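Any read-out appearing in this document is the output of simple, stated calculations on the displayed coordinates, not a laboratory observation. These figures come from a predicted structure and were not determined experimentally. Glycine gets a Cβ as well: all are built from the backbone with ideal geometry, and neighbour counts include every protein chain shown.
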């Protein structure tokens, strides 16, 4: 069984999503609140924003199987873990390094998709991934020479990348049976619960923040989440998960440029070389898959 063709060319929502997620690290940096609080309100405000637009779909929740509820819970947990680790990495390492390491996501997605969905990328795609991986290694090795703090931040970003790759692979399984709207809504609610429990157990203050912080929380919900993650969730019904994760490789470029302008972060030689290799890897991967992106994907369940 195959999914229907997308109503619009995938390249347009891909571009919108890539631009939107580039603002995530910038907004996180502007906030002085703990990352677990940022993540909680980011997800809570997202739920509040999208809930009114899909009330007619809520009745379909009754038909979701127990197995899929478990998968939805796991997807929400791993998405929350991704946000917690990756957002925390920005306190220790540069925006460029953190987002470039996040580009390792397709490597883990590719491995998982091979075993779960039997997706077999072509030779050029594999070369592209290898080039991107080498680029990330350049970034990590450069930061190791800078300070242990920067390398610790790189490690947090790496672990957060593993978590979001697991989330994407779970999503690919569920989205063949559950609408992208319900998937996003339920997973985001689980995220809110996970962050709330984390804040309670760690005695993190969840209220009493100034107006600037609430504005940042709201923008995190609108820009990188609604126009980023939700668009990618919708696209997963039509394109391979590895294509989505490879498109996320554009985030380091936009985020690094914004970091240079807004925070005066200087990009080192290792970061520049690593980032260039990551982008080359992206171009190599996407070239053989352009035609495939226009075709519906096989049901993974």
Exercise. Using only the Cα atoms of segment 57-145, build the gyration tensor, take square roots of its eigenvalues as a ≥ b ≥ c, and label the shape rounded, prolate or oblate: rounded if a/c is under 1.5, else prolate if a/b is larger than b/c, else oblate.
Key: oblate
Quiz prompt | Residue-averaged [θ]222 nm for the chain, counting only DSSP H segments that reach four residues, each worth -39500 (n - 2.57) | solution = -23000 deg cm²/dmol
Self-check item: GNM top mover of 99, 204, 46 - the chain, alpha-carbon springs below 10 Å
Solution: 204
Practice problem: Kindly identify segment 11-293 as rounded, prolate or oblate by the Cα gyration tensor criterion: order the square roots of the eigenvalues as a ≥ b ≥ c, call it rounded if a/c is under 1.5, otherwise compare a/b with b/c, prolate if a/b is larger, else oblate. | Solution: oblate
Self-check item: Label-point gap, in nm, between residue 67 and residue 266 - each point 7 angstrom along Cα→Cβ
Solution: 5.6 nm
Practice problem: Compute the relative contact order of the chain as a whole-number percentage, counting only Cα pairs closer than 8 Å that sit 6 or more residues apart in sequence. | Solution: 41 percent
Self-check item: For the chain, built as a Gaussian network whose Cα springs stay under 10 Å, the top-fluctuating residue of 182, 215, 282
Solution: 215
Quiz item: Per the Cauchy relation, a quarter of the hull surface: what is the mean projected area of the convex hull of the alpha carbons in segment 1-72, in nm²?
Solution: 7.7 nm²
Quiz prompt | Pairwise centroid distance, computed over Cα atoms, of segment 90-112 with segment 160-223, Å | solution = 18 Å
